[in-house]
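Colleague: Handing you a structure now.
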Amino acid sequence: MKAVIMAGGKGTRLRPLTCNLPKPMVPILEKPVMEYTIELLKKYGITEIAVTVQYLPEHIKQYFGDGRRFGVDLHYFEETIPLGTAGSIKNAESFLDERFIVISGDALTDFNLQDGIEFHNQKEALVTIFMKQVENPLEYGVILTDENQQIIRFFEKPRWNEVFSDTVNTGIYVLEPEIFDYLAPSVPTDFSKELFPLLMSKEVPLFGYSAEGYWSDIGSLTQYRKSHEDFLDGKINFPIPGKEIISGLWVGENVRIEPQASINTPAYIGGGTTVRQHAKIHPYTVIGSHSTISSRASLEDSIIWEGVYVGVNAELQGSTIANGTFIDEGSSVLEHSVIGNQVRIGKRVTINPEVKIWPKNRVVDHSTIDTSLREFSKVSLDNRMSKRETILLSATKSPVYHKEI
């Protein structure tokens, strides 16, 4: 059996994290979310995989290559224009010459794929949709099935007064190659908005499989943060990278935690990172590799990516920080703020809640930022870092590991 990973999304709602990174490459505990998808497919013996790409495809191709490093065989199909979810698989029709499974490159799930495939086989279906019950169905396609699990109603992204079910389409499908008879080449087509309604109008049976397990659509910044919390809480059936040195604390190689640093679990610290004395790491904090958390800095419920510097007395509360960002001493980044890669935040800056800062902005000392910065603005500094800052950033790669907490 073959698979298709749909990896062409721009991830607009994840900006500024996806300004220069495709959505499937956004990291969850330092691994691109698409890597978990590949691991899941491989677990169920599915190693022949098509990958449909469109936005910044070279990031995906360079990281995953031909898939050999991950034990699979990847074949890329690039769209010159966006073809939609269903149109993108039509682009890979020559490869998909047998039953295949479609899964999004930005979905984090541990579903038992084999159970869904067996359901599809028993129903002799053309299309089987993996379904999941959710608390808030407004962002998904809502599904209603009959006693035979055949889909009898389908409504994409309803308003609350249009909701007739809490069961939604997860974007994971088992399909027969005959599905291509309903798709025109080079015509943008969406599964939920166009193909499924077409099939239902022609009375082609669609079946819904009620999947058990974890599923999260990494489509929003809130859901991105929630997925990290779920991982640290053990709700996802994937191993957490690194070594669990005390209950609830996972670390990579060559991590240095200085004496008198305070770490409250659950938390994750990537390889080569230094946590200085008197720093405070609060629960549900994820720190990427080769980062520095300075003395008396405080991180609470925050996610920082690789190569981030957090200065003395700096404070992060419920924030997300992308690669290579420098946060100078005494600065605060508050709830649900998101900082893009290679941003330089000066001394004693306050980034107020819900603010987003696009990549490579520079924020001057003693500023208070309460609106998002999408381009270089009056609060921007010269792009060059001082010699002292360059030294501090290069010091993030420490080869020493101290187990003392």
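Colleague: Place a +1 charge on the Cβ of each Lys and Arg in the chain and a -1 charge on the Cβ of each Asp and Glu, then give the dipole magnitude about the Cα centre in debye, rounded to the nearest 20.
Modeller: The calculated dipole for the chain is roughly 1860 debye.
Colleague: Among 282, 102, 216, which residue has its Cα positioned farthest towards the positive end of the charge dipole of the chain, with +1 placed on the Cβ of Lys and Arg, -1 on the Cβ of Asp and Glu, and the dipole taken about the Cα centre?
Modeller: Comparing the listed Cα positions along the dipole, 282 ranks first.
Colleague: For a quick check: with amide H placed at 1.01 Å from N, whose amide H comes under 5 Å from residue 50's, ignoring anything fewer than 5 positions away on the same chain?
Modeller: Excluding prolines and chain starts, which carry no amide H, the hits are 3, 4, 5, 75.
Colleague: Separate question: Tell me, in nm to one decimal, what length is gained between residue 42 and residue 367 on full extension, where the rule is 0.36 nm per residue of separation less the Cα-Cα distance?
Modeller: 112.1 nm
Colleague: Multiply the residue gap between residue 264 and residue 98 by 0.36 nm, knock off their C-alpha separation, and tell me the result in nm, one decimal place.
Modeller: Taking residue 264 through residue 98 to full extension adds about 54.8 nm, to one decimal.
Colleague: Return an integer: the convex hull volume of the alpha-carbon atoms of region 1-117, in Å³ per residue.
Modeller: Given the Cα convex hull of region 1-117, per-residue volume reads 103 Å³.
Colleague: Might you report the magnitude of the Cβ-based charge dipole of region 194-338 about its Cα centre, with Lys and Arg at +1 and Asp and Glu at -1, to the nearest 20 debye?
Modeller: Charge dipole, region 194-338, about its Cα centre: 280 debye, nearest 20.
Colleague: Quick one: net charge around residue 72, please, counting Lys, Arg +1 and Asp, Glu -1 for every other residue with C-beta under 10 Å from its C-beta.
Modeller: Computed value for this residue: -1.
Colleague: Same structure again: Enter the Cα centre distance for the pair region 122-148 and region 296-323, rounded to the nearest angstrom.
Modeller: Here the answer is 40 Å between Cα centres.
Colleague: Between residue 204 and residue 178, what is the spin-label point distance in nm, taking each point 7 Å from the Cα along the Cα→C-beta axis?
Modeller: Between residue 204 and residue 178, the simple spin-label model gives 0.9 nm.
Colleague: In deg cm²/dmol, rounded to 500, what helix-only [θ] at 222 nm does the chain give when every DSSP H run of at least 4 residues adds -39500 (n - 2.57) and the total is split over its residues?
Modeller: -4500 deg cm²/dmol
Colleague: Once all Cα-Cα distances of region 99-217 are split into 5 Å bins that start at 0, what whole-number percent is in each one?
Modeller: Using 5 Å bins, I get a P(r) of 2, 11, 23, 25, 22, 12, 4, 0 for region 99-217.
Colleague: Also, I was wondering about something else. Normalised by the empirical 2.2 N^0.38 Å for globular proteins, what value does the Cα Rg of region 248-394 take?
Modeller: Relative to the 2.2 N^0.38 Å estimate, region 248-394 comes out at 0.95.
Colleague: Once fully extended, how much extra length lies between residue 122 and residue 144, figured as 0.36 nm per residue of separation less the alpha-carbon to alpha-carbon distance?
Modeller: 5.9 nm
Colleague: Right, another one. Would you mind ranking 325, 12 by Cβ crowding within 10 Å, fewest neighbours first?
Modeller: Taking fewest neighbouring Cβ atoms as first place, the list is 12, 325.
Colleague: Kindly state, to the nearest 0.05, the FRET efficiency for residue 156 paired with residue 277, given R0 = 51 Å and r defined as their beta-carbon distance.
Modeller: According to the calculation, E is roughly 0.45.
Colleague: If I take the Cα coordinates of region 2-232 and project them onto the principal axes, what are the three extents in Å, biggest first?
Modeller: Here the Cα extents, ordered largest to smallest, are 44, 38, 32 Å.
Colleague: Just want the ordering: 222, 128, from fewest to most Cβ atoms lying within 10 Å of their own Cβ.
Modeller: Arranged by neighbour count, lowest to highest, 222, 128 become 222, 128.
Colleague: For the chain, state what percent of all Cα-Cα pairs lands in each successive 10 Å bin, counting from 0 Å until the bin that includes the largest distance.
Modeller: Histogram of Cα-Cα distances, whole percents per bin: 5, 22, 28, 23, 15, 7, 1.
FYI, it's all coordinate maths here, none of it is from the lab. Everything quoted here is computed from the prediction, not taken from an experiment. Virtual Cβ from ideal backbone geometry, glycine too; neighbours counted across all protein chains shown.
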